[in-house]
Amino acid sequence: MSTATIQQVPSDTFTLDPVHSSFGFGIKHNGISTFRGQFEQVDARLEHGVLIGMAQVESIKTAIPDLRGHLLSPDFFNAAETPTVEFRSTDIRLGEDGSAEVDGELTIRGVTKPVTARGTFASGSNLGGSDVVGFDLEATVDRREYGLNWQAQLPKGGEVLAWDVTLQIHLELIKG
């Protein structure tokens, strides 16, 4: 029996490459399709083995521009009172196969809950020779736990929006 070698989380400071990073979400709509949105103003860093991230709620973008106001309202993110979504890792586990599990605290609407994101981790260098690391992660959360309780019933039964939301985080971070 053999044991897998575990990669070590870099202890140096890495900061966000915003061009090659994104933070989005997906939620079932009408029980049929997945509605997607994204936060355009995101910041993140990996510092002393801790991954920290933040998104400005006002920067939310969807394929339906008129929906933006509703998402910023108290029915959803309540951007006037809680302008950011924040994350801070408590543990990062990296596998030799490039797998990653990141435990942490996610704060939405001022409510902080534990969450585990799973995906991949990679490290290397960019075209300029700088050391870079990357995380591609997903986590599913129940939006009710964060006070995102808006719901409507469909005329023939069922709910307009699912309660589970999938968060999709793609980060490229540069040493320095």
Residues being within 30 Å of residue 46 (Cα to Cα) and small (Gly, Ala, Ser) - total across region 136-163: 2
Per-region count, region 98-125, residues open to solvent by 50 Å² or more (accessible area, probe 1.4 Å) and out of contact with any helix residue (DSSP H, G or I) (no Cβ under 8 Å at 6 or more places or on another chain): 10
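Touching a His at 6+ places or on another chain (Cβ under 8 Å), open to solvent by 40 Å² or more (accessible area, probe 1.4 Å), in a strand (DSSP E or B) and over 22 Å from residue 28 (Cβ atoms): is that true of residue 86 in this structure?
Numbers: touching a His at 6+ places or on another chain (Cβ under 8 Å): no; open to solvent by 40 Å² or more (accessible area, probe 1.4 Å): yes; in a strand (DSSP E or B): yes; over 22 Å from residue 28 (Cβ atoms): yes.
Answer is no for this residue.
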Spot the failing condition for residue 44; the list is (1) closer than 20 Å to residue 165 by Cα; (2) at pLDDT 95 or above, and only one is missed. (1)
For region 38-66, which positions are open to solvent by 50 Å² or more (accessible area, probe 1.4 Å) and over 16 Å from the mean Cα position of the chain (by Cα)? 47, 48, 63, 64, 65, 66
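In the list 72, 171, which residue meets the criterion of being surrounded by 18 or more Cβ atoms within 10 Å (Cβ to Cβ) and at pLDDT 95 or above? If you could, list the steps in order and put the result at the bottom.
Numbers: 72 fails: surrounded by 18 or more Cβ atoms within 10 Å (Cβ to Cβ).
When all the criteria are applied, what remains is 171.
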Can you find a residue that is open to solvent by 60 Å² or more (accessible area, probe 1.4 Å), within 19 Å of residue 169 (Cα to Cα) and of a type in the set (Lys, Arg) anywhere in region 23-37? yes
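The values are calculated or read from the model by the stated rules, or taken from the named source; none is laboratory data. Everything numeric here is computed off the predicted structure, so don't read it as measured data. Cβ: placed from backbone, ideal geometry, glycine included. Neighbour counts: every protein chain shown. To get the accessible areas, we keep the full protein, side chains included, count just its heavy atoms, and leave off ligands, DNA and RNA. Shrake-Rupley method; radii C 1.70, N 1.55, O 1.52, S 1.80 Å.
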